[in-house]
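I have placed the structure first, in the form of structure tokens, so that the comments after it can refer back to it.
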Amino acid sequence: CALTGAGLSTESGLPDFRSPGGIWSRYDPDEFAYPRFVSNVEARRSYWRWSAEFYPGVAAARPNDGHVALATLERAGRLYCLITQNIDDLHHRAGSTKVIEIHGNASRVGCLACGREWPRAEVQRWLEAGTEEPRCDACGGILKPRTISCGQAMPERETEAAFAEARACDVMLVVGSSLVVHPAAALVPVAHESGASVILVNLEETPFDAIAKVVIRAKAGETLRRIAAEVVGTEGNS
Ligand code: APR
């Protein structure tokens, strides 16, 4: 089982959250917290201004060696499940299919009232045409990308599935996460307590380094490419 965080996508040109220069060093996370988003029209306008600026980078990003290596491990029958905190859709674009997106996916936008959905690319066109606060044209409800913001309820089915995988796996390969946001971070000690060996690939120390069998303090892309090459016996080709 693999658990990935924003650190895996920095090599695709996307900033992570807590590294120097990361998103939370430039924006206040409380500004985008869910309770504020649903209750305050100015907070929604500010969120959509940020999202309109940030989305083109996400849409243009391409999977890097790390995403490709994880898809290679899945195709070789060595990776049974990929749990990601990332919302950038890069695991799907790299060809991974057994993906659990516990923080949702930014490529779709939904109406919080009636559930109707739109591709995020379509909403981008509305924003670029001057819409400040997209609303549902069916029921007038508030629209929000299908991502999980701070203070928003976790997706039940995905969260349960992720913890079931963490309890069942032999190895938990954790890549590019500071492991400070729960409940996602708790997947690591749960896997460890269930007998899995934890492998941590991260540029910085995390609160769970002590329970890891292996800590690889190196960049995710090159590390995963080499792991896939050794495990699958090929030079990590996609
Ligand atoms: N290779 C390996 N590790 C990297 C790389 C890289 N190329 N780039 C960054 N890292 C490491 C950083 O050192 C950092 O410890 O990845 C980690 C990223 O941590 P965060 O920025 O906190 O990202 P993440 O753990 O995914 O955040 C979890 O927080 O704000 C919420 O919902 C958001 O899903 C996100 C959650």
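The values are calculated or read from the model by the stated rules, or taken from the named source; none is laboratory data. Bear in mind that the values here come from a model prediction, so they are computed numbers and not experimental data. Note: ideal-geometry Cβ built from the backbone for every residue, glycine included; neighbour counts use all protein chains shown. Each accessible area value is taken on the protein alone, full model and side chains, heavy atoms only, with ligands, DNA and RNA left out. Shrake-Rupley method; radii C 1.70, N 1.55, O 1.52, S 1.80 Å.
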Expected unfolding gain across residue 135-residue 121 under the 0.36 nm per residue rule, minus the alpha-carbon gap, is 3.5 nm
Quarter of the surface of the C-alpha convex hull for segment 1-146, i.e. direction-averaged projected area in nm², equals 9.0
With a Förster distance of 25 angstrom and the Cβ-Cβ distance between residue 157 and residue 197, calculated FRET efficiency to the nearest 0.05 equals 0.40
Once 157, 75 are ranked on solvent-accessible area with the largest value leading and a 1.4 Å probe, the list reads 157, 75
Listed by chain and number, the residues whose amide H is under 5 Å from that of residue 197, excluding neighbours fewer than 5 places away on the same chain and using placed H, are 171, 172
From highest to lowest solvent-accessible area (probe 1.4 Å; ligands, DNA and RNA excluded), 89, 65, 137 read 137, 65, 89
Only helices counted: for the chain, with every DSSP H run of 4 or more residues adding -39500 (n - 2.57) and the sum spread over all residues, [θ] at 222 nm is -10500 deg cm²/dmol
Restricting to aspartates and glutamates and to Cα separations under 13 Å from residue 213, and discarding same-chain partners fewer than 8 apart, the set is 170, 193
Extension length gain for residue 186 and residue 34 (0.36 nm per residue less Cα distance), in nm, is 52.6 nm
Residue 113 and residue 231 label points (each 7 Å along its Cα→Cβ direction) are spaced in nm at 4.7
For the chain, the percent of accessible surface on carbon and sulfur atoms (probe 1.4 angstrom, ligands and nucleic acids excluded) is 52
